[in-house]
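First the structure, in the form of structure tokens, and then the observations on it.
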Amino acid sequence: MVLTELSPIFMNKSFKNKNFDNFKSENLNWEIIQSEMKNRLGLDIYESWLKKIEFVEEFKNYLLLSVPTRFIRDWITSRYLDQILQTIKSYKKEIIRIEFKVIEKKENNDHIKDTFDNLDNKENISFIKDSYLQYNRIDPNKRFENFVIGSSNKLAYEASVKVSENISHYNPLYIYGGVGMGKTHLLNSIGLQLKKSNKVMFISAERFMYQFVKSIKNNDMVKFKEYFRNTDVLLIDDIQFMNGKEAMQEEFFHTFNALLDKGSQIILSADRAPNKLSRIQERIKSRFSGGLVVDIQKPDYDLRKKIVQKKTSELDNLYSGQIKISNEIQEFIGREIFGSVRELVGAVNRIVSFSRIYNKLPSLAETKSILKDLINLVENKVTIDLIQTIVCKFFKISKNEMLSSRRSRYLVRPRQTAIYLTKILTSKSLPEIGREFSNRDHTTIIHSVKTIEKLKEKDPVMIENINKLKNQILYNNKENEI
Ligand code: ADP
Ligand code: MG
């Protein structure tokens, strides 16, 4: 798809004045553009849509970018293309159009790896990314009250509350967990709470690093030290990014000790346990483990559902009661999006964007399409064979019986159930499903799906069986793998 320029050249003055001389290189730096898009279009739109855009190649006067699905491509081009182009042009005015290519991604956590690779290779990028963030900025929206608690994050939550009530109770407090699990949210909540009566410093490890390097360059180390050693509460997010930065670790170690000595509270977050941190000095790791170490696990279904409900009702309030996402869709999101809370929140945001723009709620089929890139992974894993195996086991029949043409009652129901589950859990078409069930006609498939849907309406046992089977199919197979 080729899209040409829609608006005149646009130069963002305030942006131009900033000191990005180092980066006025020949080629566009996509991370900078993304960061700027986040600024211009807002975090919600960025997280839900624009973050998915990847840089592919730069040509003389146009850019080739990729997105994971057609739906996202169409959505982005119909709504944000103009602003994206403007943003790009403010860095490179030669670019007059953008081409999008759909590249489906299989690996869900590729981006995590990319982040690490980038940090190792191009350290300066983190400086740019961070230069948009205010120093020591605490987000007033990430509070304890809107942190939803479940079994996977309860300990981390409780420890955070405890530290906020009583400094030095656990010192340091070290919270770890995968990307998008709520670590920053918790650190932020602690910061908000303690800010009321303490001097609080909340900073990402990347930013700490940047400040450190800058003060060395400017001969300002004394100030740097004073600055950090003066706080009552130091919160450092994503500490894993300190890996391999020896000089900085050295300085950090001393700051850390100085703060502990004077009774200041230190709270750290990381993507892994202290002993798993790579290229970080042993003595630092052991300091990290000296207080309380808690982890946040992946949310279970129960928590996912609660988070979806909470987010939906928050957004509903925000838009004066106009967003009523059906239970069916809420359940669908809770069931299908199991990677991280961030993805869950992103999914709800997308549904809300959709319903605000089209003035209606998406159907289940539309929901699947809107969230396709987030649920792809699941779809790939759930095969018809798996469904048949699990259903046969559940009803204690053999696969031969299920696939036979016999119509005894004890075989018909399980067969229809398996067909129904295939329809709702995979993206297979009716004829495809028919083929996998011994070449049954697609009308038989429709009939089976309808029969089960009807039974579900009035038969609680049926509902329960279907739910059990769904869980077995979805979770047996995927829940533990990321
Ligand atoms: P991390 O720092 O672990 O990568 P974040 O704290 O940035 O994750 O969380 C990602 C998103 O999910 C944020 O919008 C955050 O507010 C939200 N979030 C995470 N956990 C919860 C929770 N338990 N309840 C409500 N929102 C949450
Ligand atoms: Mg974070």
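General observations
- Within region 153-163, the residues that satisfy the criterion of being surrounded by 21 or more Cβ atoms within 10 Å (Cβ to Cβ) and more than 7 Å from ligand 1 (Cβ to nearest atom) are Ala156, Tyr157, Ala159, Ser160, Val163.
- Qualifying residues in region 187-208 (those that are of a type in the set (D, E, K, R), closer than 23 Å to Phe224 by Cβ and out of contact with any Lys or Arg (no Cβ under 9 Å at 6 or more places or on another chain)) - the one nearest to ligand 1 (Cβ to nearest atom): Arg207
- Close pairs from region 393-407: first over 17 Å from Thr422 (Cβ atoms), partner in a loop (DSSP other than H, G, I, E, B), Cβ under 8 Å, at least 6 apart: Ser404/Ser438; Ser405/Ser438
Condition check ((1) surrounded by 16 or more Cβ atoms within 10 Å (Cβ to Cβ); (2) basic (Lys, Arg); (3) on the phi < 0 side of the Ramachandran plot) across all residues:
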residue: Glu31; (1), (2), (3): yes, no, yes
residue: Ile53; (1), (2), (3): yes, no, yes
residue: Glu57; (1), (2), (3): no, no, yes
residue: Tyr62; (1), (2), (3): yes, no, yes
residue: Arg73; (1), (2), (3): yes, yes, yes
residue: Leu85; (1), (2), (3): yes, no, yes
residue: Ile88; (1), (2), (3): yes, no, yes
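- Residue satisfying all of: in region 175-186; in a helix (DSSP H, G or I) and closer than 16 Å to Ile239 by Cβ; farthest from ligand 1 (Cβ to nearest atom) among these: Leu186
- A single entry from Leu377, Leu386, Leu364 fulfils the requirement of being at pLDDT below 90, of a type in the set (A, V, I, L, M) and buried (at least 17 other Cβ atoms within 10 Å of the Cβ): Leu377.
- Selection within region 245-296 - acidic (Asp, Glu) and away from ligand 2 (no atom under 16 Å from the Cβ): Glu246, Glu250, Glu251, Asp261, Glu282
- Filter pass, Lys306 being closer than 17 Å to Asn146 by Cβ and either at pLDDT 95 or above or not β-branched (Val, Ile, Thr) (or both): yes
- Any pair with Cβ under 7 angstrom, 6 or more apart, that starts in region 187-198 at a residue that is outside any helix (DSSP H, G or I) and ends at one that is among the β-branched types (Val, Ile, Thr): Asn198/Val233
- Any hit, region 218-236, residues being modelled with pLDDT of 85 or more, at negative phi and within 13 Å of ligand 2 (Cβ to nearest atom): yes
- Taken over region 136-163, residues that are of a type outside the set (Asp, Glu), in contact with a strand residue (DSSP E or B) (Cβ under 9 Å, 6 or more places away or on another chain) and under 25 Å from Arg287 (Cβ atoms) amount to 10.
- Selection of region 172-187 for residues being of a type in the set (Gly, Ala, Ser) and surrounded by fewer than 24 Cβ atoms within 10 Å (Cβ to Cβ) yields Gly178, Gly180.
- Filtered residues of region 199-219 (kept if touching a Ser or Thr at 6+ places or on another chain (Cβ under 8 Å) and either free of Cβ contacts under 8 Å to residues at least 12 places away in the same chain or of a type in the set (Val, Ile, Thr) (or both)): Val200
Conditions (1) within 26 Å of Lys154 (Cβ to Cβ); (2) crowded, with 20+ Cβ neighbours inside 10 Å; (3) hydroxyl-bearing (Ser, Thr, Tyr), marked per residue:
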position	(1), (2), (3)
Lys196	yes, no, no
Lys199	no, no, no
Met209	no, yes, no
Lys214	no, no, no
Arg229	no, no, no
Val233	yes, yes, no
Glu246	no, no, no
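- The lone exception for Asp120 - which of (1) in a helix (DSSP H, G or I); (2) at pLDDT 75 or above; (3) surrounded by fewer than 15 Cβ atoms within 10 Å (Cβ to Cβ) it fails: (2)
- The one condition in (1) among the hydroxyl-bearing types (Ser, Thr, Tyr); (2) surrounded by 20 or more Cβ atoms within 10 Å (Cβ to Cβ); (3) over 23 Å from the mean Cα position of the chain (by Cα) that Ser78 fails to fulfil: (2)
- Residue match in region 148-162 (condition: within 16 Å of ligand 2 (Cβ to nearest atom) and among the aliphatic types (A, V, I, L, M)): yes
The values are calculated or read from the model by the stated rules, or taken from the named source; none is laboratory data. Remember, it's a predicted structure, so these values are computed and weren't measured experimentally. Methodologically, a virtual Cβ is constructed for each residue, glycine included, from the backbone with ideal geometry; neighbour enumeration extends over all protein chains shown.
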